[in-house]
Every structure is written in C-alpha cells, then in structure tokens.
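The values are calculated or read from the model by the stated rules, or taken from the named source; none is laboratory data. Computed from a predicted model, the values in this text were never measured in an experiment. When we count neighbours, we look across all protein chains shown, and the Cβ atoms used for this are built from the backbone with ideal geometry, even at glycine. Ligands, DNA and RNA are excluded from the accessible area calculation, which covers all protein heavy atoms including side chains. Shrake-Rupley method; radii C 1.70, N 1.55, O 1.52, S 1.80 Å.
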Amino acid sequence: MALHMIGNSLGTLKKCFLLAGLGALVALGTPAVAQQRSVAVTSVIEHPALDAVRDGVKEALEAAGYTDGKNLRWQYQTAQGNVGTAAQIARKFVGDKPDVIVAISTPSAQTMLSTTKDIPIVFSAITDPIGAKLVANWEPSGTNMTGVSNMLEVNRQVDLILQIAPDAKRVGVVYNPAEANSVYYVRQLQELLPSRGMTLVTAAAPRTVDVGAAGRSLVGKIDVFYSVSDNNVVASFETLAKVAENAKIPLIASDPNCVERGAAASLGVDYKELGIQTGKMVLRILNGEKPGDIKPEIGQNLELVLNLKAAQGQGVTFSQELLDQANRIIQ
C-alpha cells in the first residue's frame, strides 16, 4: 500500500516536471513580438509636427506587430507647454518602468534624462541634441539616450528665402530664447546671413500667447519672416501667419505642417517619416540593443511644400522653377 502511494506520488511529480518543461520550451519558442512590452511617449506640447512624430512611432511599432492593448502597453502624455507638468510626467513614467521612453522635443528629453539614467530614452524632433546636452556627439553615447534629430541645413533655408523674396535683406525670427532648438537656429542664422548680404532681426516669445505681439513688433523692421522649429511659435502658428498677411510680409517656415496653417512655403522634415524613423530605433531597443550602442540619427526625408493662397495674401508670387520643384502644392 505504501509502495503504491509512493509510486503514484512519483508519477505525479514526473507529470509536473514534464508540464513545467513544456511550458519553458513554449516560452522560449514564442517570438519576442508576442511578449507584453511597454512604450511611454511624451511631448512638451501638442501641435501637428510633434503629433505626427508620435503617430509615426506608433505606426512603426504596429508594422512590426506590436498592438496597443494586446502585446503593447502604449502611453502618451503631453506637458501642454508647462515645465512643471513635464517633470510630473517624467516621474510617472519612471515609476511605471516602461521598456522604452520616447521624448518628443528638447524640453521633454532634457527633463526625462534628468529623471532617469537607467530606462532607455529615445528622443525625437530635436534640432541640436549636442547643444541640449543629451548626447556628447553623433557617436553612440554609452548612456541610456539615443534618438533622431530634425536638424536642417541652414544654407538651404536661406536659399529658399531668396528664391521667394530675392530682394530680402532683413530676416525676422520670432522665438523662445529658452528653447535650445530655437537658439541653435538663431545662432546659425546670425553667423550665415551676413555672408549672404542679409541681417537677422529677432523678437522673443517666451510663451505661446506672446507670439502675436512679437510678430507685430517686427513689422516695418523686416522683409521676410522665417519660422524656426520653435514649439511656442508652431503651437500658435496661425497668429504669426495673420501678422504676416496683414503686413504683406512673406512667411517661410522650417516645418512643412505650418504651410497648411498659413506659411507661404517650407523646406523641412516630413515629421511623420521622422516618427517612423524614431519608431524603428525603439524597435531595435525592444529587440535587445542598448540605446548607448546606437548612433543618434538625423531625419532623412525633406519636402518642399507651397501654399498658393497664403503666398498671394503675403504678396508672394512663386517662380515656375519653384513650383516645379515642390513636393506638394496647397491651393
């Protein structure tokens, strides 16, 4: 009787070990994409360019088989332009311990990096990640940070300005002096414009509500507006576009999304594609690469977009050559 009971017990143990072993094999054989992963995304403010980056990241993840609510926990929060809120979001995300944090815009990335040195961070839509002290150079950082920049070649921007306003001598820029993206472009323009026979005239807009007044303060002092990748300006771009139209001053933007919102023209990064490029970098980390081993990248796709109605309102006539070069023309 005792021997029979011992035999049954040993048989039960064997079954348990066998089932455990099969479970382990199934787990090992399951593709990585089937595992539950977590990606947390934040931006400093909501506007079409940053929203397009966010959507591009999600699209890249979905194309790789990650679906929100199934094998992916997707979080998105925006600071709505508030530095204090950005810090709260950073603390929450760090507490949640996602697999990757995507920080869209310089303020969001800086806040996130100051909050965690362990969780992988991928930045996006940042013009000067070196100047923003996110990475030391364009080589692998060896830290928890990598990402994709929206840096533009300033010479080509000035070429576009002169194609649209050949007689322009004074270029006006409204920007937030506290935003590293904007400061980078202002410095680049200050260095470059004199060699092209032009000067830069600036007006500060520390808040989105300051954009209209800053734009009006430049009227009579400039020949053309140029909008750099400034989040305050982009968030309230229609205000600046109205100033340009009322004063009959051409408005050229670095963000193609701003052309639909009143700029006459833009030669800039396709922000949806920038998001997809960022999402592919996130996938590399989900697949086991360390962020510190991945080189930061620069957006690969530029597009020339023209707005015929806005141009007419600002007193601009496009040459046939420029029309032929355009990737998109808005009527």
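Between LEU308 and ARG91, the simple spin-label model (points 7 angstrom out along Cα→Cβ) gives 5.4 nm. Calculate, in whole percent, how much of the Cα-Cα pair population of the stretch 220-305 lies beyond 14 Å. Of the Cα pairs, 68 percent sit more than 14 Å apart. Placing a label point 7 Å from the Cα of THR317 along the Cα-to-Cβ direction, the residues of the stretch 256-299 with a backbone N closer than 19 Å are 264-265.
Estimated at 0.36 nm per residue, the fully extended path between ILE130 and ALA63 surpasses their Cα-Cα distance by 21.0 nm.
Considering only PRO140, PRO48, PRO166, the Gaussian network model of the chain with Cα springs below 10 Å gives its largest mean-square fluctuation to PRO166.
Report the residue, chosen from GLY279, GLY142, GLY84, that carries the largest GNM mean-square fluctuation when the chain is represented by alpha-carbon nodes joined by springs under 10 Å. Evaluated over the chain, the most mobile residue of the options is GLY84. Estimated from helices alone, the mean residue ellipticity of the chain at 222 nm is -13500 deg cm²/dmol (sum of -39500 (n - 2.57) over DSSP H runs with n ≥ 4, per residue). Surface analysis of the chain yields an accessible area of 46 Å² per residue, using protein heavy atoms and a 1.4 Å probe.
Under 5 Å from the amide H of MET145 lie the amide H atoms of ILE121, GLY292, each residue being 5 or more positions distant or on a separate chain, with H modelled from the backbone and absent for Pro and chain starts.
Peptides 170-181, 128-139, 252-263, ordered by how many other C-beta atoms sit within 10 Å of their residues on average, highest first, read 252-263, 170-181, 128-139.
Inter-label distance, ARG328 to LEU162: 2.8 nm, where each label sits 7 Å from its Cα along the C-beta direction. Relative to the longest principal axis of the Cα atoms of the chain, the long axis of helix 271-286 lies at roughly 30 degrees. Please find the FRET efficiency linking ASN246 to ARG196, where r is the Cβ-Cβ separation and R0 is fixed at 30 Å, and quote it to the nearest 0.05. It comes to 0.65.
Structural descriptor for the chain: relative contact order 19 percent, calculated from alpha carbon pairs under 8 angstrom and at least 6 residues apart.
Approximating the spin labels as points 7 Å out from Cα along Cα→Cβ, the ILE298-to-ARG187 distance works out to 1.6 nm. Using a 1.4 Å probe over the heavy atoms of the protein chains, calculate the carbon and sulfur portion of the accessible area of the stretch 261-329 as a whole percent. Answer for the stretch 261-329: carbon and sulfur cover 43 percent of the accessible area.
Relative to the longest principal axis of the Cα atoms of the chain, helix 48-63 runs at roughly 30 degrees. Working note: Debye formula, equal point scatterers on the alpha-carbon atoms of the chain, no solvent; log10 I(q)/I(0) at q = 0.08 Å⁻¹ is -0.43. Using the average count of surrounding beta-carbon atoms within 10 Å as a protection proxy, the listed peptides 51-59, 305-313 rank, highest first, as 51-59, 305-313. Residues whose amide H lies under 5 Å from that of ILE298, counting only those 5 or more places away or on a different chain, are SER149; hydrogens are built 1.01 Å from N in the peptide plane. Computed from Cα positions, the angle between helix 154-164 and the longest principal axis of the chain comes to roughly 50 degrees. A dipole drawn for the chain from +1 and -1 charges on Cβ atoms has a positive end, and of MET112, ILE164, SER149 the residue lying farthest that way is MET112.
To the nearest 0.05, how large is the calculated FRET efficiency for GLU289 and VAL219 if R₀ is 51 Å and r is the Cβ-Cβ distance? Once rounded, the FRET efficiency stands at 0.50. Based on Cα atoms of the stretch 108-207, Rg over Rh with Rh as the Kirkwood radius reads 1.06. Distant-in-sequence amide contacts of VAL201, defined by a placed amide H-H separation under 5 Å and a gap of 5 or more residues or a different chain, comprise VAL171, GLY172, VAL173.
From largest to smallest, the equivalent ellipsoid semi-axes obtained for the stretch 33-115 from the alpha-carbon gyration tensor read 22, 15, 9 Å.
For the residues MET281, MET145, MET198, a GNM of the chain with alpha-carbon springs under 10 Å puts the largest fluctuation on MET198.
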